[in-house]
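*Asks:* Here you go, one structure.
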Amino acid sequence: MFRSLIIIVGLLFSFNALAEKVATLSVQQALLTSKAADAFRVKLKSELSGEQKQLSDLEAQVKKIQEEIKKGQGTQSKEVQDQQRVQFQKAYGEYQRLGQELQQKQRQREDEFLKEMRPKLDTVIRGLIDSEGYDMVVNKQATIYVKPELDITAKVVELLNKQ
């Protein structure tokens, strides 16, 4: 146990000697807070607004049928109740299908956006590393604690917005 502790301490000291200028970066935060991401969200919302409205209409229809079933529970014939249940299942199934399609389409568009932005982000990060002379840039999510002044996410966003 003591030997492994000495090895870890030794590695930490050698790590500090090798990497003089270290920074952290939240790539996801940089991408999601950029102006390009804001524009993408507006465009995506516009593109999917028709399908989103259709989904909301189906949700309202499902709720209405559900309420009708509850209201008529003791007063309606079995055939009417069965018919309402079938109608509910059909509308609910369509609601779920459309919701899943919409989520899949949204994920696909988000993935396309990220693929499009990744080369731009890499160029910005590489330029910042070269200009600032960083020896190491660590993913912010992989750190437990880091001084705020070592976080270059805001700089990356600023440079990304200039592109």
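The values are calculated or read from the model by the stated rules, or taken from the named source; none is laboratory data. Note that this is a predicted model, so its numbers are computed, not measured. Cβ: placed from backbone, ideal geometry, glycine included. Neighbour counts: every protein chain shown. SASA here: full protein model, heavy atoms, side chains in, ligands and nucleic acids out. Shrake-Rupley method; radii C 1.70, N 1.55, O 1.52, S 1.80 Å.
*Asks:* What pairs come out if I take residues in region 57-81 that are more than 27 Å from Leu98 (Cα to Cα) and pair them with residues that are hydrophobic (A, V, I, L, M, F, W, C) whose C-beta lies under 9 Å away, six or more apart or interchain?
*Replies:* So the pair list comes out as Gly72/Val80; Gln76/Ile69.
*Asks:* Tell me whether region 135-150 contains one or more residues that are in contact (Cβ under 8 Å) with a residue 60 or more places away in the chain and acidic (Asp, Glu).
*Replies:* yes
*Asks:* Now a separate question. Can you pull out every residue in region 98-114 that is surrounded by 12 or more Cβ atoms within 10 Å (Cβ to Cβ) and closer than 18 Å to Gln54 by Cβ?
*Replies:* Passing the criteria: Leu98, Gly99, Glu101, Leu102, Lys105, Gln106, Arg109.
*Asks:* Could you check region 145-163 and list, in sequence order, the residues that are at pLDDT 90 or above and among the β-branched types (Val, Ile, Thr)?
*Replies:* Ile152, Thr153, Val156, Val157
A quick yes/no check of all residues on (1) in a helix (DSSP H, G or I); (2) farther than 26 Å from Glu47 by Cβ; (3) open to solvent by less than 60 Å² (accessible area, probe 1.4 Å):
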site	(1), (2), (3)
Arg85	yes, yes, no
Pro119	yes, no, no
Val124	yes, yes, yes
Val138	no, yes, yes
Gln141	yes, yes, no
Val146	no, yes, yes
Lys155	yes, yes, no
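*Asks:* I need the full set of residues from region 126-136 which are of a type outside the set (S, T, N, Q) and in a helix (DSSP H, G or I), in order please.
*Replies:* Arg126, Gly127, Leu128, Ile129, Asp130, Glu132
*Asks:* Go through (1) modelled with pLDDT of 85 or more; (2) under 33 Å from the mean Cα position of the chain (by Cα) one by one and return the number of the condition Val86 breaks.
*Replies:* (2)
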